[in-house]
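Only one structure is covered here, and it is reproduced in the block below.
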Amino acid sequence: MDSEAGAYRNPAKKASWRSVLVLAYQSLGVVYGDLSTSPLYVYRSTFAEDIRHSETNEEIFGVLSFVFWTLTLVPLLKYVFIVLRADDNGEGGTFALYSLLCRHARVNFLPSSQVADEDLSEYKKDGARLSPKTSFGSRLKSTLERHRVLQRLLLVLALIGTCMVIGDGILTPSISVFSAVSGLELSMAKEHHKYVEVPVACVILIGLFALQHYGTHRVGFLFAPVVVLWLFCISAIGLYNILHWNPHVYQALSPYYMYKFLRKTQRGGWMSLGGILLCITGSEAMFADLGHFSQLSIQIAFTSVVYPSLILAYMGQAAYLSKHHGQDHYYRIGFYVSVPEKLRWPVMGIAILAAVVGSQAIITGTFSIIKQCSSLGCFPRVKIVHTSSKIHGQIYIPEINWILMALCLAVTIGFRDTKSLGNASGLAVITVMLVTTCLMSLVIVLCWHQSVVVAIVFVFFFGTIEALYFSASLVKFLEGAWVPIALAFIFLIVMCVWHFGTLKKYEYDVQNKVSINWLMSLGPSLGFVRVPGIGLVHTELVSGIPAIFSHFVTNLPAFHQVLVFLCVKSVPVPHVGPEERFLVGHIGPREYRLYRCIVRYGYRDIHKDDMEFENDLVCSIAEFIRTGGAGPCSANEDNLKDEDKMTVVGTSATHADGIQMSEDDVDDVGVAGSSMREIRSPPLIKPRKKRVRFIVPESPKIDMAACEELRELMVAREAGVAYILGHSYVRAKQGSSFLRKMVINIVYDFLRRNCRAPINALSAPHASTLEVGMVYPI
């Protein structure tokens with residue numbers, strides 16, 4: 001039943017070399033599509049206006065030297081050999097680093113955090129409970145845990161990196177596709193080619209986004225061959241150009257040529273670094289897509305295939321340009337001019353396919369990171385469609401897809417050249433890398449327990465390189481670099497406002513929750529009519545009775561014979577194993593039939609559909625009743641109140657020797673043989689819509705009270721499940737400042753009204769849903 005049980009396990013952790021090599025081959029199509037297409041536009045963006053290609057070749061050789069050392073130091077040294085080691089239980093990316101820090105220091109802003117979450121196997125896997133070995137690390141941890149301002153700054157830093165990744169998801173398809181079709185300019189006059197390139201690029205982009213809802217699993221097998229073919233083309237053409245035009249171009253790999261370049265070009269050379277840094281665009285994908293592959297497979301693919309191919313491609317272009325001067329227009333210093341004329345059309349076709357593959361990867365990555373943000377309460381709820389039942393992580397978000405398409409077309413039509421697109425894309429890329437460097441420095445001290453000297457060396461070395469490129473990109477603010485800043489600012493406002501509103505709403509729920517003692521004083525029937533069925537009261541609270549429930553029973557003094565206060569929450573780990581999915585406990589005495597169930601998901605987990613979820617939920621409660629709460633308990637249980645004591649219960653697939661549930665077809669469940677016995681529901685005069693029964697193990701024996709409780713649960717399940725959801729209207733409190741009123745009453749309310757309702761997030765059937773409205777003054 002639980003198909004996710006092994007879906008998220010990294011398949012190459014202990015795999016054979018054959019499996020690792022297969023993963024390395026597959027990673028070429030998913031991870032390196034963006035990085036491999038960078039030769040299309042690097043030289044063209046670099047020589048756009050700040051420097052000129054002269055007869056001395058000092059400029060072209062200096063640029064080649066910068067490209068070589070940038071590729072060597074950033075993607076190869078920083079990402080392949082250092083950052084890839086900072087995985088979050090196999091997952092990578094900005095939020096993975098933030099999640100890692102949240103577990104090693106209590107700095108996360110998830111309001112529903114529990115001590116029991118620290119008992120999760122993935123939470124403890126990387127030694128999150130171990131204190132830093134250095135005194136500086138201990139002081140840094142305590143400082144972060146004491147000061148909420150520092151915690152907010154850390155969250156904002158992670159969100160800035162996330163927003164820039166989203167901005168890159170808009171700019172990368174534009175510059176990749178536009179550069180791929182730029183080969184058309186060599187076959188027509190300059191005044192005409194722009195009227196062809198822009199429409200062709202827009203048609204390709206529209207087709208790319210329009211096909212997103214089909215997912216990549218149907219054509220994904222073509223991605224790796226396309227990128228491999230593209231890498232073979234650029235490396236073969238590069239090798240040909242080196243041998244044919246300038247075999248001594250390898251001398252330009254010396255760092256001395258960087259010094260000569262800056263000495264001659266001075267300010268113009270510094271400003272041109274904004275174009276050079278485009279050679280590392282897509283490097284962050286190596287870390288972000290780590291969860292789909294393995295560290296070793298990504299390292300093998302880059303060092304053995306991608307890195308040498310890119311170096312040959314850039315050297316070949318430099319060799320060609322070193323023998324061809326006097327180009328009147330910068331568009332003549334591009335990729336296609338160095339391609340032999342007979343091969344230009346076939347190469348352009350392959351380039352377009354490679355650009356589409358690279359764009360597809362960054363779009364899918366944008367969907368994934370928005371899902372992570374939404375899971376951790378930092379982005380409005382959106383519709384998430386899983387496009388593949390076999391490949392974990394392939395998702396489609398319709399609203400985000402069309403927003404990305406509109407913005408992508410807008411920047412393509414608005415800029416119409418690779419110069420401005422390169423300025424915009426470069427700033428987004430280097431900002432994400434700077435954020436990764438900052439977070440990595442904290443990971444080195446807090447998670448790896450290394451000396452602060454190591455962290456300082458890391459930040460100083462890589463931070464200096466990236467700060468140099470960042471300054472060169474920022475100076476192009478008016479020439480396109482304003483676009484990622486504007487996009488990141490808008491998305492950052494959305495994330496911060498949503499997070500603030502969600503946090504304040506939770507605080508209001510905590511402050512206004514109903515006293516359990518009042519509920520218990522009403523007796524077993526609680527003074528209300530108990531109707532057949534299971535009532536699932538959806539709440540964000542992990543303890544106490546939500547105010548929405550008292551509002552419900554005040555207006556309708558009746559509820560179901562079995563009542564479950566259901567909390568579906570995310571925890572700061574990428575995945576929660578199905579054997580640790582549920583926390584179940586009683587509220588009050590057993591005869592009240594009140595339960596609390598907390599369903600825990602990691603930020604990359606797949607939420608199940610309603611029927612499978614309902615069955616797992618009922619089975620987990622039944623297993624809790626059978627064991628009498630004797631399963632694994634939450635941490636520090638002795639210090640908890642009775643109603644807060646919870647038992648860890650897995651999904652039905654994880655306890656095959658426990659209770660199994662049969663619905664409708666009674667012949668399919670008697671598979672357990674003589675070691676199992678049935679608990680049937682009592683016969684009724686009116687037939688039920690479905691027949692439910694529990695198959696209970698013969699050993700150990702359960703008492704009569706537990707049998708009766710199971711029978712009532714079974715009868716309730718046959719009667720049906722109803723979802724009771726709160727429909728909140730959030731308003732700023734009286735006397736609030738103008739800024740708070742604007743944030744809550746206008747921005748947050750707009751986002752709330754236009755995002756997916758909780759019913760959609762739960763996949764609850766509309767016919768079984770009851771919404772209760774309340775005003776939240778926060």
Taking r as the C-beta separation of H248 and L478 and R0 as 56 Å, the FRET efficiency to the nearest 0.05 is 0.90
Regression test value, accessible area per residue of the stretch 405-487, probe 1.4 Å, units Å², expected 35
Kirkwood Rh for the stretch 300-448 from C-alpha pairs, in Å, is 19.4
Computed for the stretch 399-543: size of charge dipole around the Cα centre, +1 on C-beta of each Lys and Arg, -1 on C-beta of each Asp and Glu, debye to nearest 20, value 180
Counting sequence-distant residues (5 or more places) and residues on other chains, those with an amide H built under 5 Å from that of Y776 are Y729, V730, R731
Set K260/K476; K141/K733; K569/K701; K342/K476; K504/K569; K569/K645, cut-off 26 Å on Cα-Cα distance; pairs above it are K141/K733; K569/K701; K342/K476
Per its Cα gyration tensor (rounded if a/c is under 1.5, else prolate when a/b beats b/c, else oblate), the stretch 396-442 is best filed as oblate
In this structure, the FRET efficiency calculated for S304 and V115 from their beta-carbon separation, with R0 = 60 Å, to the nearest 0.05, is 0.85
Rounded to the nearest 0.05, FRET efficiency between A653 and I206 (Cβ-Cβ, R0 45 Å) equals 0.60
With the stretch 55-118 reduced to its Cα atoms and the Debye formula applied, log10 I(q)/I(0) at q = 0.17, 0.26, 0.27 1/Å amounts to -0.72, -1.07, -1.10
Probe 1.4 Å, heavy atoms of protein chains only: per residue, the accessible area of the stretch 194-341 in Å² is 41
Carbon and sulfur atoms account, in whole percent of the 1.4 Å probe accessible area of the stretch 545-592, for 57
Taking protein heavy atoms only, a 1.4 Å probe, and rounding to whole percent, the accessible area of the stretch 389-454 owed to carbon and sulfur comes out at 68
Subtracting the Cα-Cα distance of T554 and F81 from 0.36 nm times their residue separation yields 164.1 nm
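The values are calculated or read from the model by the stated rules, or taken from the named source; none is laboratory data. For clarity, every value in this text was computed on a predicted model and none was experimentally measured. Glycine gets a Cβ as well: all are built from the backbone with ideal geometry, and neighbour counts include every protein chain shown. For accessibility, only protein heavy atoms count, side chains too; no ligands or nucleic acids. Shrake-Rupley method; radii C 1.70, N 1.55, O 1.52, S 1.80 Å.
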